[in-house]
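The values are calculated or read from the model by the stated rules, or taken from the named source; none is laboratory data. Just so it is clear, the model here is predicted, and its values are computed rather than measured. Here the Cβ is made from the backbone with ideal geometry for all residues, glycine too, and neighbour counts use every protein chain on show.
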Amino acid sequence: MITEADLKRLDWKSPDYSELKEKEFLKILNEIVTLEDLEALANRKKYLNAPQLQSWNAWQRAAILNRKLELENGRG
C-alpha cells in the first residue's frame with residue numbers, strides 16, 4: 001500500500017508547459033483546436049490561479065500567437 005509519506009517522497013510533479021522543449025511545446029499547441037482552449041493555455045497562470053508559474057519566453061509567446069492566427073483563419 002502507498003502511504004502519504006511515499007507520495008510526498010516521490011514528488012509527483014508534471015512539468016509546466018513553459019518548461020517543455022520547443023518540439024514538445026509545438027506538438028501541444030498543434031493539438032489545440034479551439035480559441036478558448038488556446039486562451040486557457042496562454043493565460044494559464046490566471047486560469048490556474050498560479051502566479052508562481054514561469055512566464056512564457058519570447059519563442060513560446062510567438063508560437064501561441066501564431067497558433068491563434070492559424071485558428072482564426074481556419075488553418076488549424
Applying the selection to region 40-69, what residues are modelled with pLDDT under 95 and surrounded by 13 or more Cβ atoms within 10 Å (Cβ to Cβ)?
-> Ala40, Leu41, Arg44, Lys45, Leu53
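State whether the residues of region 60-74 include one that is more than 20 Å from Pro15 (Cβ to Cβ), polar (S, T, N, Q) and in a helix (DSSP H, G or I). Walk me through it before giving the result.
Step one: of region 60-74, the residues more than 20 Å from Pro15 (Cβ to Cβ) are 62, 65-66, 68-74.
Restricting the remaining residues to those that are polar (S, T, N, Q) gives 66, 73.
Adding the requirement that they be in a helix (DSSP H, G or I) leaves 66.
Within region 60-74, one or more residues are more than 20 Å from Pro15 (Cβ to Cβ), polar (S, T, N, Q) and in a helix (DSSP H, G or I).
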Give the number of residues within region 5-19 that are of a type outside the set (A, V, I, L, M, F, W, C), surrounded by fewer than 14 Cβ atoms within 10 Å (Cβ to Cβ) and modelled with pLDDT of 65 or more.
-> 3
What number of residues within region 41-59 satisfy the criterion of being among the small types (Gly, Ala, Ser), closer than 14 Å to Asp16 by Cβ and assigned to a helix (DSSP H, G or I)?
-> 1
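Results for (1) modelled with pLDDT of 70 or more; (2) under 18 Å from Lys68 (Cβ atoms); (3) not charged (D, E, K, R), shown as yes or no for each residue.
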{"position": "Thr3", "(1), (2), (3)": "no, no, yes"}
{"position": "Lys21", "(1), (2), (3)": "yes, no, no"}
{"position": "Glu24", "(1), (2), (3)": "yes, no, no"}
{"position": "Asn30", "(1), (2), (3)": "yes, yes, yes"}
{"position": "Leu38", "(1), (2), (3)": "yes, yes, yes"}
